[in-house]
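Student: Just dropping this structure here.
Please treat every number below as a calculation from the coordinates, not as lab data. Computed from a predicted model, the values in this text were never measured in an experiment.
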């Protein structure tokens with residue numbers, strides 16, 4: 001059995017004070033990451049809302065102009081057929097767009113980098129404490 005001297009290098013364990021300091025540094029870094037991601041999400045959401053609003057306004061204007069043009073052009077043939085065809089076309093488009101909207105909602109990830117980093121930190125902490 002070999003006895004190690006006090007001054008000999010051996011496996012070092014971090015003191016509780018050092019560990020707490022490191023933990024606070026990691027927590028500060030994660031908080032900064034969270035703040036950056038919240039800012040990015042806010043800007044992305046605002047940009048998405050403004051784009052959607054622009055699409056809706058100009059899509060409505062184009063649809064209204066097309067509707068008036070088709071109704072005027074085809075009124076002599078069959079007013080009911082023109083209106084029913086346009087209603088069917090607009091309804092199908094609305095259902096199609098709603099499907100894409102639902103897909104976007106299902107696949108939306110909020111703060112993915114922060115959550116991923118926190119998972120890594122937890123795993124590292126569990127390994128360190130074990």
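Student: Would you calculate a helix-derived [θ] at 222 nm for the chain, using -39,500 (n - 2.57) for each DSSP H run of n ≥ 4 and dividing by the full residue count, to the nearest 500?
Tutor: So the helix-based figure for the chain works out to -30000 deg cm²/dmol.
Student: Calculate, axis by axis, the spread of Cα positions in the chain along the three principal axes, and write the results as whole Å, longest axis first.
Tutor: Sorted largest first, the three principal extents are 107, 27, 15 Å.
Student: Who wins for biggest fluctuation among 44, 106, 119 in a Gaussian network model of the chain, springs between alpha carbons below 10 Å?
Tutor: Between 44, 106, 119, it is 106 that shows the largest mean-square fluctuation.
Student: Roughly how far apart, in whole Å, are the Cα centres of the stretch 22-45 and the stretch 66-130?
Tutor: Cα centres, the stretch 22-45 to the stretch 66-130: 29 Å.
Student: Can you classify the stretch 47-107 as rounded, prolate or oblate using the Cα gyration tensor, where a ≥ b ≥ c are the square roots of its eigenvalues, rounded means a/c under 1.5, and otherwise it's prolate if a/b beats b/c and oblate if not?
Tutor: oblate
Student: Please give the contour-minus-distance gain from residue 103 to residue 116: 0.36 nm per residue of separation, less the Cα-Cα distance, rounded to one decimal in nm.
Tutor: 2.4 nm
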